[in-house]
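These notes concern the structure reproduced below.
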Amino acid sequence: MAVLAAAATLAAGFTATAPADAAGTTLAQDSFTRTAAAGWGKAAQGGTWSSAAGLSVNNGAGKISLAAGQGRTSTLSGLSQANSDTTVTATLDKLPSAGAGYLYVTGRQVGADQYRAKVRIQADGSVRVEAARVVGGAEKAIASRTIDGLKYSAGQKLNIRVKVTGSAPTTVSAKAWAAGASEPAAWQATGTDTAPSLQKSGSIALGAYVSGSARNAPITATYDNLQSLQAAAAGSTPVQAPSVPPVAKLSTGTPSSSTNASRTSLVAGTYKPAAGTTGVPDGLKLTPYNTGGADLVITKDGTVLDGLEIWGDIKVRAKNVTIKNSRLHGGNKIPSGNTGIIDATNANVSNLVVQDSTLDPQRPSYYRDGIVGHDYTALRNEIAHTNDGLGIFNRPGGPTAANVTASGNYIHTLTFWSNDPAHSDGTHNDGIQVQGGTNIKIVGNTIDAFVQTGSGSARSPRHPHAGIGILLQQNVSKLGNVVVEDNYVDGGQTSINIDHTASKQSNITVTVRENNLGRNQFDFGGGSKYPIRIIKKSASTVTGLFTNRWADTKVALTESKTGGIRFNS
């Protein structure tokens, strides 16, 4: 058993953490996977949001409620930086009846002064973006542009990006585009400014305002998927998202145009993850570590594993652990019980981050999943050849909160075992299995629920279909504040299954919306397939159910044998 005493002593020849001033370093991120009735609480990274009336967090988003003529802003208190590149997804729940609604993304705030992107949404749905400054309460547009061809509708998701770099002058650049569309290659509004109060480091902030002429207030602004990166020097070309080829294989590390820097500009839910945008970034040289394959037990808070080729199952027993840019092979023996290549089931686990890593077991097993447990974020990982991809649940006997975000991952080619000790009909391989807890967000993943046959195993009678793509059930505890959105899911006996029955629960309440469903589920006979299956209609509250759509046509699913949504009863 290997105990990691500190990140800096893991192995010679690699850097455990990126320099604080390196371009692309994450300054702040928040996917709002918590519930708060007043204020936004603490971000996943970057500090605590300043408290303000009218702010709340629920259904996987930070919300601002606005009366006519009212504006509100919340600032991250634990952040001070001079160069930032910030992206967030935002919505207004309704168009103002008159005047406009405004969404603000601030890239540098010093005191009350700001450099920010300002997106103005008129009552007719037209959208204008500005690079702006606010000094002494007075706002000035540095540059602005109406976005041709974008007509906003109530509840539509907009991606907003602002980059603030340099000093005397400072360059402020802004853009906005509809979620699901390609990011514009060029900044829509960019210019320079030399306001003395803003030529220093500051924080980032989010805010909104509704015109006093609006007669249909309150209007709610919603923010999600915040990511702020250390920006490159002023004048550099913004990195664009790479194209996503339909490649169903593990990343090889062969140099290509897909770089780690280009990945960080991707916004979950606006693209389909595949091999090129997940796993170890191409061209990255990894340092071998723990080649003997013994378990790695992490007990030091703040441990960082970066740029490693790791053998052995990883047992996390600490807070604020980060595993990134690494290839994880797992243990070389069959585990004695259910676990994962990364096991986050311990009571000490909090704020575990696993990103841009490849999880591919050297010894696949009916007992070895990808990541299992609670209080973790899985971001842009590629997971293959495991039993299940991700296991999500609160700690049995502990708090009800699971606090898990799975975003931008690619899960595929699970391994079937006919000799599974837990199931007489073989393993029930699931891409993501949720078994209980609150504050769970599954957004923008690709899950191809198909299997390979394990060595020495008989083939599945349902080959090549896995069990479930995304399984929502309540074995450990009742689910709450669970959001499943913008995923690409195909295969399985069922692609998305919603089951209230476990642990004698009488009902289930979840949000399952705007997912993209394939048509390749197991055929039970006569064309009877289950893209979305709900065990009991009267016991299930599924927000957004009829916003889910076919991946190939983008047509909404309907309730029927061939329409994509089925109820057992």
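The values are calculated or read from the model by the stated rules, or taken from the named source; none is laboratory data. Treat the numbers as computed from the prediction; the structure is a model and nothing was measured. FYI the Cβ positions are ideal-geometry reconstructions off the backbone, even for glycines, and counts take in every protein chain you see. In case anyone asks, the SASA skips ligands and DNA or RNA and just uses the protein heavy atoms, side chains included. Shrake-Rupley method; radii C 1.70, N 1.55, O 1.52, S 1.80 Å.
What whole-number volume per residue, in cubic angstrom, does the convex hull of the C-alpha atoms of region 277-511 give?
111 Å³
Under 19 Å from a point placed 7 Å out from the Cα of Thr192 along the Cα-to-Cβ direction: which residues of region 84-117 have their backbone N that close?
Label zone hits: 84, 108, 115-116.
What's the ranking of 425-431, 457-463, 297-303 by average number of surrounding C-beta atoms within 10 Å, highest first?
425-431, 297-303, 457-463
Out of the DSSP beta bridges found with both residues in the chain, what percent are antiparallel (nearest 5)?
50 percent
Computed from these coordinates, which is Rg and Dmax of the Cα atoms in Å: (i) 39.5, 129; (ii) 24.6, 85; (iii) 23.4, 72?
So the structure-derived entry is (iii).
Once label points are set 7 Å from the Cα along Cα→Cβ at both Ser201 and Lys285, what is their separation, rounded to one decimal in nm?
In this crude label model, Ser201 to Lys285 measures out at 3.2 nm.
Students often get this wrong: which residues of region 192-216 have the backbone nitrogen under 17 Å from the point 7 angstrom along Cα-to-C-beta of Ser97?
Answer for region 192-216: 210-216.
Suppose a student asked you for the relative contact order of region 277-511, using Cα pairs under 8 Å spaced at least 6 residues apart; what percent would you report?
Contact order relative to length: 13 percent.
With a cut-off of 8 Å between alpha carbons and a minimum separation of six or more residues, what is the relative contact order of the chain in percent?
It comes to 10 percent, rounded to a whole number.
Starting from a Cα-only point model with no solvent, please compute log10 I(q)/I(0) by Debye for region 26-230 at q = 0.09, 0.16 1/Å.
-0.29, -1.00
By how many nm would the segment from Arg363 to Lys333 grow when fully extended, if each residue of separation counts as 0.36 nm and the alpha-carbon distance is taken off?
10.1 nm
How much length is gained on full extension from Ser77 to Ser50, taking 0.36 nm per residue of separation minus their Cα-Cα distance?
Stretched out fully, the Ser77 to Ser50 stretch lengthens by 9.1 nm.
Hey, can you find the accessible area per residue of the chain for me, probe 1.4 Å, expressed in square angstrom?
I get 36 Å² per residue for this part.
With each pseudo-label sitting 7 Å past Cα toward Cβ, what's the Ser126-Arg459 distance in nm, one decimal?
Reported label-point gap for Ser126 and Arg459 is 6.2 nm.
Report, ordered by chain and residue number, the lysines lying within cross-link reach of Lys319, taken as a straight Cα distance under 24 Å and ignoring same-chain residues fewer than 8 apart.
Straight-line reach from Lys319, under 24 Å: Lys42, Lys300, Lys441.
With each label point set 7 Å from Cα along the Cα-Cβ vector, what nm distance links Ala185 and Thr35?
In this crude spin-label approximation the distance works out to 4.7 nm.
Please identify every one of the chymotrypsin sites (Phe, Trp or Tyr not before Pro) in region 461-535 that sits in a loop by DSSP and has no more than 12 other beta carbons within 10 Å of its own beta carbon.
Those that pass, being in a loop and sparsely packed, are Phe524.
Would you please calculate the Kirkwood hydrodynamic radius of region 256-414 over all C-alpha pairs and express it in Å, rounded to one decimal?
15.5 Å
With a 1.4 Å probe and every protein chain kept in, tell me what percent of the accessible surface of the chain is carbon plus sulfur.
Here it works out to 50 percent.
Quick one: 3J(HN,Hα) in Hz for region 39-45, Karplus 6.51/-1.76/1.60 with θ = phi - 60°, rounded, Gly and Pro as x.
Taking θ as phi minus 60°, the curve returns x, 9, x, 9, 5, 4, 8 Hz for region 39-45.
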